[in-house]
Amino acid sequence: MPKIAVVPGDGIGPEVIHEALRVLSFLAPDVTTEAFDLGADRYLRDGTTMPPEVMHRFGTEFDAVLLGALGDPRVPSNVHAKDILLGSRFQLDLYINFRPCKLLDARYCPLKDKTEADVDFVVFRENTEGIYMGVGGQFKRGTADEIAVEEEINTRKGVERIIRAAFEWAVKNGKTKVCMSDKANAMRHGHDLWQRVFKLVAAEYPGIKASHLYVDVLAMRLVQAPQDFQVIVTNNLFGDILTDIGAALQGGIGLASSGNIHPGKAALFEPVHGSAPDIAGQGIANPLASILTVGMMLTYLGRPELEARVQAAVQGCLKSGQVTRELGGTLTTREAADAVIARL
Ligand code: ATP
């Protein structure tokens, strides 16, 4: 019986996760969940961000973690979010940030004349290294002579395992192309490593067409011809940026889901959007990203047929305009989830 840890989090997080859990219990009643009171409220109450024993339990006791969103104007330092989300990524070594960008209804694509078949790619973003390790420093801070240094960390092992994960996923999912993106023409040390490792790993997958694009070119190509891409693998920072382009192509962050995964070890699934303090508490947040995230989690748990059902139900709602306000509909958060469950 799969066991899921749930962190509803801040702002609209608890609202959308509540609905996503209704979908989960409808589709997979055998999955058990345990909720964790972590987030801005807890931090403001007793100073707790992420207790080490909870992190340990996430890594050992649960099949996956489902996270809503973190971020609260009352905690401007965002320290709780850093400890919970970045803490999980680093301490549980969740080296794959998996982001599907799939258009479910052409009407929501900002590009003209694109069909649903034109936007259907996944991004493998390296999730434990790169610029996010916080290596660097400031000197003569606040003076006219200030120097700020930010270093990007790329290890041979880290680069190899994310590239390999992308190829493995391509093979398992019947894809034929993997594109690696870096900026080796400007970042000559770290990204040269990416280039060399990509060639070595690609040679092990002769059935997959391996290509390379500098990240500026890829950003342009994703907007001009998203249909050319199936699987993209890239570093932490570029993945962050490219997946926002991907979210826009698929209809906005209200529809974008993601997984932080270390295969065979631990995984944390979350909608891409933030806590959206501007609409929190109003019951109007779009729950579809969280519902699609639950679908992705079900595939991870070995039940891809349930994810296919979730996608079909969400697609049905999108096509018939049963959506929340930001997508042009009139439904509340709860009504949007009811519409999905009715289709299921
Ligand atoms: P973060 O830094 O955590 O990404 P943010 O404020 O930059 O936070 P979001 O919280 O994702 O980004 O919100 C960006 C905008 O999108 C806001 O105007 C918010 O209202 C809207 N938004 C985000 N998620 C949803 C959602 N699920 N349903 C409706 N609107 C949303």
- Matching helices (runs of 4 or more DSSP H) fully within the stretch 1-79 where at least 1 residues are under 15 Å from S290 (Cα atoms) and assigned by TED's automatic domain parsing to the domain that holds G302: 13-27
- Item | Restricting the stretch 60-75 to residues that are surrounded by fewer than 17 Cβ atoms within 10 Å (Cβ to Cβ) and under 23 Å from the mean Cα position of the chain (by Cα), the residue that is nearest to T33 (Cα to Cα) | E61
- Note on the structure: Only one of (1) out of contact with any Leu (no Cβ under 9 Å at 6 or more places or on another chain); (2) at pLDDT 95 or above; (3) surrounded by fewer than 22 Cβ atoms within 10 Å (Cβ to Cβ) does not apply to G264, and that is (2)
- Query: Does at least one position in the stretch 264-272 carry a residue that is in contact with a strand residue (DSSP E or B) (Cβ under 6 Å, 6 or more places away or on another chain), away from the ligand (no atom under 11 Å from the Cβ) and closer than 19 Å to L104 by Cα?
  - Reply: no
- Here are some residues: N154, N127. Which one is over 30 Å from T33 (Cβ atoms) and open to solvent by less than 50 Å² (accessible area, probe 1.4 Å)? N154
- For the stretch 284-317, name all the residues that are under 12 Å from A337 (Cα atoms) and either within 15 Å of the ligand (Cβ to nearest atom) or surrounded by fewer than 24 Cβ atoms within 10 Å (Cβ to Cβ) (or both). I284, A285, N286, P287, L288, A289, S290, I291, L292, A313, V314, C317
- Message: Going by what's in this entry, would G39 be described as modelled with pLDDT of 95 or more and within 12 Å of the ligand (Cβ to nearest atom)?
- Response: no
- Residue identified as within 16 Å of the ligand (Cβ to nearest atom), of a type in the set (A, V, I, L, M), within 30 Å of N154 (Cβ to Cβ) and out of contact with any Cys (no Cβ under 6 Å at 6 or more places or on another chain) among I261, I253: I253
- Task: Evaluate the stretch 247-258: report whether one residue or more is among the hydrophobic types (A, V, I, L, M, F, W, C), in a helix (DSSP H, G or I) and buried (at least 22 other Cβ atoms within 10 Å of the Cβ).
- Result: yes
- Considering only the stretch 319-328, state which residues are within 14 Å of the ligand (Cβ to nearest atom) and either buried (at least 18 other Cβ atoms within 10 Å of the Cβ) or acidic (D, E) (or both). V323, T324, E326, L327
- Looking at I284, I291, which is the one that is farther than 15 Å from A166 by Cα, of a type outside the set (K, R) and not in a helix (DSSP H, G or I)? I284
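The values are calculated or read from the model by the stated rules, or taken from the named source; none is laboratory data. Just so it is clear, the structure is predicted and the values come from calculations on it, not from any experiment. All Cβ positions, glycine included, derive from the backbone under ideal geometry; neighbour counts span all protein chains shown. In case anyone asks, the SASA skips ligands and DNA or RNA and just uses the protein heavy atoms, side chains included. Shrake-Rupley method; radii C 1.70, N 1.55, O 1.52, S 1.80 Å.
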